[in-house]
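Have a look at the structure below before the remarks.
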Amino acid sequence: MDDIILFGHATEKEAEAFLRCLHTYCEWSGQAVNFQKSTVYFSKGVPKNRADKIANLLGMCKMKRDSTYLGLPLFWSTNRAQCMDYLVKKVLNRIDGWKSRLLSKVGRTCLIQSVGASLPIYVAASNVIPCRTASKIDKCLGNFWWGGSDSRKPIHTIAWSSLCKSKDALPSREKLGQIMPIPSVCSPLCDEEVESTIHLFWQCSFAKAFWYGSPWGIRTDAIQCNEWMDWLQWFYCIKNLPSNLDIDTFLTGALCIFDVLWSIRNRVIHGSNITPV
């Protein structure tokens, strides 16, 4: 046996009982207790003078609140992200030691995989790492890989979703009605609701017929989407896609439907009769 945790009431009687139990165990096993490395922890309700007496009786030091065991904190506060700051500091300390070495990107990758990423994985085996802490660690390792330093800023990676944002610039009647007076803002295909892009390409009765008549037979009524981001998230879920269809093929087909609907819509606005579907 290497380590043991004993629980009891903060009384001198129980402290003496612990000592007797430890003494008996040592006699039977031939092992010895290292009192210099042993500690005792008291809850907040224990008076200081009583805690001092019990610690002196046991011959142990009082454990601090920030004590760790096998590199992990023994006590957690309600702010788990703050408790995990030690993990970020450990990663930073290791990176600071690597910066002095002249390494290629291959060497940096090996260090990150073998050493830098091992710390978070070790902690994650017993604790859930908050997203904020994981982002800090990822940023530290990313800066190291790109070769950043205090004097030179590294290349920063940015999520494509943050850069590629829809400007919703298609001149639908809803958009045009916001900047100029027009006879009607209703959809020219159904003349029922305001012509927004989501209505024109998805919610309009004319669009519903196109989607249902497509090779996938999609019923748009069954998918509640009021914004294009909801639409994308729904179809990016693999279980929601039609069988034997990947997302790239589906999006290509969806773009073709959008193009046809937009072309028909423009012909109707400019005087052509609507094509029955």
Total residues in region 175-234, condition among the aromatic types (Phe, Trp, Tyr) and touching a helix residue (DSSP H, G or I) at 6+ places or on another chain (Cβ under 6 Å): 5
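Conditions (1) more than 15 Å from Met63 (Cα to Cα); (2) small (Gly, Ala, Ser); (3) surrounded by 10 or more Cβ atoms within 10 Å (Cβ to Cβ); (4) touching a residue at least 24 places away in the same chain (Cβ under 8 Å), marked per residue:
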{"site": "Thr11", "(1), (2), (3), (4)": "yes, no, yes, yes"}
{"site": "Leu22", "(1), (2), (3), (4)": "yes, no, yes, no"}
{"site": "Tyr25", "(1), (2), (3), (4)": "yes, no, yes, no"}
{"site": "Ala32", "(1), (2), (3), (4)": "yes, yes, no, no"}
{"site": "Phe35", "(1), (2), (3), (4)": "no, no, yes, yes"}
{"site": "Val46", "(1), (2), (3), (4)": "no, no, yes, yes"}
{"site": "Asn49", "(1), (2), (3), (4)": "yes, no, no, no"}
Among the candidates Ala17, Ala32, Ala10, residue that is at negative phi and in a helix (DSSP H, G or I): Ala17
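For Ala254, state whether it is more than 32 Å from the chain's Cα centre (by Cα) and outside any loop (DSSP other than H, G, I, E, B). Quick ask: steps written out before the conclusion?
Numbers: more than 32 Å from the chain's Cα centre (by Cα): no; outside any loop (DSSP other than H, G, I, E, B): yes.
Answer is no for this residue.
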Residues of region 229-251 satisfying the condition of being under 21 Å from Gly213 (Cβ atoms) and either of a type in the set (Asp, Glu) or not in a helix (DSSP H, G or I) (or both): Leu241, Pro242, Ser243, Asn244, Leu245
Residue in region 220-250 that is nearest to His199 (Cα to Cα), counting only those that are among the aliphatic types (A, V, I, L, M), modelled with pLDDT of 80 or more and surrounded by 13 or more Cβ atoms within 10 Å (Cβ to Cβ): Ile223
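The values are calculated or read from the model by the stated rules, or taken from the named source; none is laboratory data. None of the values given here were measured: they were computed from a predicted structure. Heads up, the Cβs are rebuilt from the backbone with ideal geometry, glycines too, and the neighbour counts pull from every protein chain shown.
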